[in-house]
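K.L.:
What follows is a single structure, and I will ask about it in a moment.
The values are calculated or read from the model by the stated rules, or taken from the named source; none is laboratory data. Since we're looking at a predicted model, the values are computed, not measured. Cβ placement follows ideal geometry from the backbone for every residue including glycine, while neighbour counts extend to all protein chains displayed.
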Amino acid sequence: MNNIDEEIKKALSKADHKAPDQIGEESGLFEIIGLSFSGRQAWLTYTIYALGFATFITGVWMSTKFFASTDIKTSLAWLLGIIVCLFGLAIVKVISWQQMQKLEILREIKRLEMRIMLLSGQP
């Protein structure tokens with residue numbers, strides 16, 4: 001068992017040797033958002049934010065059409081489009097927050113693994 005621990009410690013890169021110093025640090029919101037734009041699922045984050053931006057622009061465009069309309073029937077049609085855009089924005093926000101929560105949980109698991117590794121290495 002000690003042999004495996006020694007191999008793991010040897011395999012750690014220089015960046016990983018700095019990790020024990022950062023175990024107690026909490027990550028902020030902007031750091032987690034930045035982490036969501038890297039890694040395997042960065043494409044999902046880019047897609048979600050692009051869809052959110054497009055939905056927001058569409059909602060603003062529909063709002064201008066809504067306020068410019070004079071007929072009740074067309075006003076209600078534009079209002080329905082605005083409501084759909086708001087629901088779309090809510091879905092985009094929920095998905096992006098779930099991605100960030102997943103990244104935070106994975107980060108905490110890695111921190112716990114590092115603590116366990118450090119504790120098992122001490123006599």
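K.L.:
What number of residues in the stretch 62-87 are touching a Ser or Thr at 6+ places or on another chain (Cβ under 7 Å) and assigned to a helix (DSSP H, G or I)? Give the derivation first.
P.N.:
Taking the stretch 62-87 as the starting set, the residues that turn out to be touching a Ser or Thr at 6+ places or on another chain (Cβ under 7 Å) are 66, 69, 75, 78, 82, 85.
From what's left, assigned to a helix (DSSP H, G or I): 66, 75, 78, 82, 85.
Within the stretch 62-87, residues that are touching a Ser or Thr at 6+ places or on another chain (Cβ under 7 Å) and assigned to a helix (DSSP H, G or I) number 5.
Every residue, every condition in (1) farther than 25 Å from Gly39 by Cβ; (2) of a type in the set (Lys, Arg); (3) loosely packed, with under 12 Cβ neighbours inside 10 Å, yes or no:
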| site | (1), (2), (3) |
| --- | --- |
| Val84 | yes, no, no |
| Gln99 | no, no, no |
| Glu113 | no, no, yes |
| Ile116 | no, no, yes |
| Leu119 | yes, no, yes |
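K.L.:
Specify which of the listed residues (Thr64, Thr58, Thr45) is among the polar types (S, T, N, Q) and either surrounded by fewer than 15 Cβ atoms within 10 Å (Cβ to Cβ) or more than 29 Å from Phe30 (Cα to Cα) (or both).
P.N.:
Thr64
K.L.:
Still on this structure, please answer the following. Looking at (1) of a type outside the set (S, T, N, Q); (2) under 25 Å from the mean Cα position of the chain (by Cα); (3) at pLDDT 85 or above, find the lone condition where Gly81 falls short.
P.N.:
(2)
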